[in-house]
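Read the figures in this text as sums done on the coordinates, not as results from a lab. All figures in this text were calculated on a predicted structure; none of them were measured in a lab. In this analysis, Cβ positions are derived from the backbone assuming ideal geometry, glycine residues included, and neighbour counts consider all displayed protein chains.
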Amino acid sequence: MKLKSSSKPAFPWFGMDIGGTLVKLVYFEPKDITAEEEQEEVENLKSIRWYLTSNTAYGKTGVRDVHLELRNLTICGRTGNLHFIRFPTAAMHKFIQMGRDKHFSSLHTTLCATGGGAYKFENDFRTMADLELLKLDELDCLIQGLLYIDSVGFNDHPECYFFENPSDTQNCIKKPCCLDNLFPMLLVNIGSGVSILAVYAKDDYKRVTGTSLGGGTFLGLCCLLTGCETFEEALEMASKGDSTNVDKLVKDIYGGDYQRFGLQGSAVASSFGHMMSKEKRESISKEDLARATLVTITNNIGSIARMCAVNEKIERVVFVGNFLRINTVSTKLLAYAMDFWSKGQLRALFLEHEGYFGAVGAFLELLKSSDDA
Amino acid sequence: MALSGGVDRGSHSMDKSITLPPDEIFRNLENAKRFAIDIGGSLTKLAYYSTVQHKVAKVRSFDHSAKETDGDPLYEISVQEEITARLHFIKFENAYIETCLDFIKDHLVNTETKVIKATGGGAHKFKDLIEKKLKLKVDKEDEMTCLIKGCNFVLKNIPHEAFVYAKHADSEFRFQHTHPDIFPYLLINIGSGVSIVKVEAEDKFERIGGSSIGGGTFWGLGALLTKTKRFDELLQLASKGQHTNVDMLVKDIYGGAYGSLGLTGDLIASSFGKSATTDKEFSKEDMAKSLLHMISNDIGQLACLYAKLHNLTRVYFGGFFIRGHPVTMHTITYSINFFTKGEVQALFLRHEGYLGAIGAFLKGAEEDNPNQYSWGENYAGSSGLMSVSPELNPVQRARSGTFDMLEMDRLERQLVNLPLLQDPTSYIPDTVDLTEDVLAREYWLYCFEEALDGVVKRAIASQKDQPKAVERAEKFRQKYRHKLQTLRHQPFAYGSLTVRSLLDTREHCLNEFNFPDPYSKIKQKENDMALKYYLKVVKSVEELSWEQRQFTLVKGLLAGNVFDWGAKAVSDVLESDPEFGFEQAKQQLQDNSGIDIILGVFPFIRELLIRGTEVVLASNSGPALNDVTNSELQILTERIAAMDPVIHTALKEDRLALVQNGSSSPCLDLSRLDKVLATVVRERGTDLVIIEGMGRAIHTNYYAMLSCESLKLAVIKNSWLAERLGGKIFSVVFKYEVPSKAQG
């Protein structure tokens, strides 16, 4: 990323990605503020900085992912830390109100926003907080953000990782790696829904397809089936469950492998297939249901991604999106699915900053936009 | 033994008595053999092979060596017993299994049967019961192999097997005329899971993929979410729900469409996404609908990815998730249209539920070589599509029980395409599709109902001396009237409804009650009479100038064609005036010319033969109305040859050949013709095809494009049709076509 340092935008530097379920916010905290600067700095700018950097939780639902913070980042001639914050889209109006209360509009900053919410809430920002959004395409932002983070690395570690021995549960280990030959890659973004992009170069990509069975489906079904309320809760339950009590396996139907078609007995034949039986429905645990939901959604995404990779003749499949946050069950399963069904031809890759690339992309646009000005 | 009421009614709320007499369900059990059974999650499909003894009218030439007298009939008609092979398939709910097995055991006479082929997920569960009840060894067959075998069989033998489903169209079911080469195709079987199978040849198929998100997921997850037990009830719930209350749509995220990607606002961005972010109660209906969309879209998407990867455009859907459910056919169709932008059509099969049973049966019947024959759906013995669909007609379901039947007759001849069809893939025999044309449908159904009394009378008259003729004719009336009523409500029941299918259904029903050829005696009388005029006609034609002669011969062809008992206007006149003859027919046409074959066709082909043209005279293999059959034609030709040296020489020199066409219908499907005829056509390099008569040239083949010159001629003997075509009753169609050069 070449960014000229000549004309810097005014602080604060934000990038925002308003998704269907979550709002992702990146905030650049300058650490090289001179005494002179500090004196000139208006009070509410200071207060925003202080509020964001001294807390790790905001209100009831906002969270700063401290472990993802990028330290000593030099960008646009400034050095500082990049913070990663998220809160539910349902709290968007509260957020806008806060912007109004903190007189955000007086800072004359451009608020760069992407994701559907940039369009949906544009008018609310204007009327409630007198703020103008610079709306950006979410897929553009996603790719630019991803390429940028990958290029700067994760505090001297690679941003990217994969799983070694994905087909062997005992010896499956997470390994960092460098994305040397990035292109072409199949980029699978799993948010509430799923978008699948074929990326051939920095500015050359197409959306191949998408599916509505995504993170929102996992959480939505889990809430309905188990009464849980948060993603963390759902994942916690899933980690303790056993999906084979819920899913019908090939061996449940054929007594073993279905040799005529080379299907292993342990393969899932019918997701939730056991739940056709009343007795089994009555005795099933919430944990098992959560696990089955997770496995079903994950396998399905894996299967569609794999078909797209084959159709597009791409071997690298990069999975991103907040569905993968604290979700090793899914990342390992995806790694396994790619490897197994492609007989080792496809490799699943993951990125540490999972769901934040869109927000990073929006943030980069802020720096670019003032460049152009 | 009584079939009704024999089952424990505790486990189900539904009444399990069989309201139809069981012998109308399990027909011809006395000589049944080669049993096969496919037991699914809720339905059992039983298959067996039987031989049907039925009466056929045979004609036999008398010995004419003795000097003829005027009163002698030309040939003798005898009604003989003939044995033909028939396949029976019966579908019923698993709850009836025990009762049905008992019934079969009690009525099974044939003892050579030792084995029953079994397939389907439930086969092992009922293995012991079947072995105990029937004393037959259960021989398990691979489910998918059976499915594919069955699928190939129906695609090959039932012309309107596949259809496209269009919920909001005038006719929901759009039947596809099956491509003569059915391979390759993709079969997406949606059972509890999904299997995606690529079929390349009769025995070459491969499971190229699948998904665990299938019917079992809808059922299992649906039951958990809605506390609704039955699959049908879940579908009912879904059909009443609003998925937008549960799903997160693009517009819920964007406030509108995501224009730059062309994603509309109503598109589902995240299935069940609202239940993740909204803290409220969701209705059962809405959740079921959301689940249905989620699963259908997912399957559709995978199907498209596989179709694209393997470059296949024919994609058939089956499995219990689909099985006749308009709701799922609609959502799958929608999904396929969405993901392929209309490039691939989702195809469904009329007999999808029977595929496994048909396949298992075929596995067991390999020594009979069933695939070497052509088979035809028997409309009289088959229930038709949606006969037991709960969604479509709950009342009917209650009335007719839950039994659905399919019967297929083994055709004596192997049927193939006419080699002269310009484009066999786009050939559609029928001129008007009554499934789509509501006005035409109403007219023709009325017409056939009106004509029913006459047909019954004619049937009785043809068998005055036969036992129970009146009783049988009455049964025929009931059966055919019931078929007409069914078709009024469900015109799609047997594929595209056409005048041809209405006529064929009537023939099947007549045969069912042993009226193989109600017109045999009339034909005999007419032939006798016409023969007497033959030489006179030929002579009068010979005296004319060339040009006048051609006119006269063509008019003769058309005048003869008026003698069609199928047309009501004509049969009215013929019934009322027994003396109505050839002269009257000519007058009706305001001009000149022999009763159909003898006085119309023979003088015409005689002219061709004199010119040096080779003639292949194709006629029906079996009787239909008063159309001449091949066996009658053999005798007539012999008699004419005895009088006329031109015909005699032509026969001797093989310049005149008589070939049967494989059909027993007043109409003609050029894609299902006798293989021998196709060979003769090819070998002799046929360069002109003449199709004569309303059934063959108007109701069918009016738009047929041939790769050689063709002549379609008929007299429109129906005022409604004449009006539709812009003419008057008894107007003439004389359509000469030359194929465009480009087609070579």
### Query
Normalized C-alpha radius of gyration of the stretch B:135-282, against 2.2 N^0.38 Å?
1.40
### Query
Just in the stretch B:170-242: which trypsin sites (Lys or Arg not before Pro) are loop by DSSP and have at most 16 other Cβ atoms within 10 Å?
B:Lys227, B:Lys229, B:Arg230
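Quick one: putting +1 on the C-beta of Lys and Arg, -1 on the C-beta of Asp and Glu, what dipole do you get for chain B around its Cα centre, in Debye to the nearest 20?
Details: 88 positive and 98 negative charges, 271 e Å.
With only Lys, Arg, Asp and Glu charged at Cβ, the dipole is about 1300 debye.
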### Query
When we measure straight from the Cα of B:Lys251, which lysines land under 18 angstrom away, once same-chain ones fewer than 8 places off are left out?
A:Lys120, A:Lys135, B:Lys274
### Task
State the percent of C-alpha pairs, over all pairs in the stretch B:350-503, separated by a distance greater than 25 angstrom.
47
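All other residues with a Cβ under 11 Å from the Cβ of B:Arg655 taken together, and with Lys, Arg as +1 and Asp, Glu as -1, what is their net charge?
Counting the neighbours of B:Arg655, the net charge comes to 0.
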### Task
Calculate for chain B the 222 nm mean residue ellipticity that helices alone would give, adding -39,500 (n - 2.57) per DSSP H run of length 4 or more and normalising by residue count, nearest 500 deg cm²/dmol.
-12000 deg cm²/dmol
### Query
Which of the lysines could a cross-linker span from B:Lys735 if the Cα-Cα distance has to be under 30 Å and same-chain partners fewer than 8 positions apart are dropped?
B:Lys523, B:Lys536, B:Lys539, B:Lys555, B:Lys568, B:Lys586, B:Lys675, B:Lys712, B:Lys717
### Query
What net charge do the residues around B:Thr51 carry, taking every other residue with its C-beta under 9 Å from that of B:Thr51, with Lys and Arg at +1 and Asp and Glu at -1?
+2
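Counting Lys and Arg as +1 and Asp and Glu as -1, each charge on the Cβ, what is the dipole of the protein assembly as shown about the Cα centre in debye, to the nearest 20? Can you show the working numbers first?
Details: 128 positive and 145 negative charges, 242 e Å.
Computed about the Cα centre, the dipole is about 1160 debye.
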### Task
Starting from the Cα of B:Val676, step 7 Å along the direction of its Cβ; do the same at A:Lys31; then give the gap between the two resulting points in nm.
9.7
### Query
By the scheme Lys and Arg +1, Asp and Glu -1, what is the net charge of all other residues having a beta-carbon under 13 Å from that of B:Gly265?
-1
### Query
Among all the aspartates and glutamates, which ones have a C-alpha under 17 Å from B:Lys468's C-alpha, if same-chain residues fewer than 8 places away are not counted?
B:Glu81, B:Glu512, B:Asp517
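Using the count of nearby Cβ atoms within 10 Å as a rough guide to exposure, how do B:Asp232, B:Asp409 rank from fewest to most? List each step's numbers first, then the result.
On the way: B:Asp232 14, B:Asp409 20.
Ascending number of Cβ neighbours within 10 Å: B:Asp232, B:Asp409.
Counting residues in chain B as N, plug N into 2.2 N^0.38 Å and put the Cα Rg over that result.
Here the Cα radius of gyration is 1.06 times the empirical estimate.
Quote the charge dipole size of the stretch A:20-78 about the Cα centre in Debye, to the nearest 20; the model charges only the Cβ of Lys and Arg (+1) and of Asp and Glu (-1). Walk me through the intermediate numbers first.
On the way: 8 positive and 10 negative charges, 96 e Å.
It comes to approximately 460 debye.
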### Task
Select from B:Leu349, B:Leu721, B:Ile610 the residue farthest towards the positive end of the dipole of chain B; place +1 on Cβ of Lys and Arg, -1 on Cβ of Asp and Glu, and compute about the Cα centre.
B:Leu349
## Note on the structure
Between B:Asp654 and A:Arg260, the two model label points (7 Å from Cα along the beta-carbon direction) sit apart by a distance in nm of 4.8
### Task
Decide, for the stretch B:270-365, between rounded, prolate and oblate: order the square roots of the alpha carbon gyration tensor eigenvalues as a ≥ b ≥ c, take rounded if a/c falls under 1.5, and otherwise choose prolate if a/b is larger than b/c, else oblate.
oblate
#### Entry: Unit charges at the beta carbon, dipole of the stretch A:216-334: most positive-side option, A:Thr293, A:Leu324, A:Ser271
A:Ser271
### Query
Which loop trypsin sites (Lys or Arg not before Pro) in the stretch B:676-735, with loop taken from DSSP, have no more than 11 other Cβ atoms within 10 angstrom of their Cβ?
B:Lys728
## Note on the structure
Farthest towards the positive end of the dipole of chain A, among A:Gly241, A:Met128, A:Phe162 and with Cβ unit charges of +1 on Lys and Arg and -1 on Asp and Glu, lies the Cα of A:Gly241
### Task
Sort B:Glu161, B:Glu367, B:Glu542 so that the residue with the fewest other Cβ atoms within 10 Å of its own Cβ comes first and the one with the most comes last.
B:Glu367, B:Glu542, B:Glu161
### Task
Taking each pair of different alpha-carbon atoms in the stretch B:97-153 once, compute 1/r for the pair, average those values, and report the inverse of that mean as the Kirkwood hydrodynamic radius in Å to one decimal.
12.3
#### Entry: Over 19 Å between alpha carbons, listed pairs B:Lys45/B:Lys140; A:Lys248/B:Lys149; A:Lys206/B:Lys341; B:Lys33/B:Lys135
A:Lys248/B:Lys149
#### Entry: Relative contact order of the stretch B:599-712, pairs being alpha-carbon contacts under 8 Å that are 6 or more residues apart, as %
23
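Within 10 Å of each residue's Cβ, count the other Cβ atoms and sort A:Phe162, B:Phe89 from fewest upward. All intermediate terms of the calculation are to be shown ahead of the outcome.
Working: A:Phe162 20, B:Phe89 25.
Result, fewest neighbours first: A:Phe162, B:Phe89.
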### Query
Longest segment of chain A with no trypsin sites (Lys or Arg not before Pro) in a DSSP loop having at most 10 other Cβ atoms within 10 Å?
A:61-312
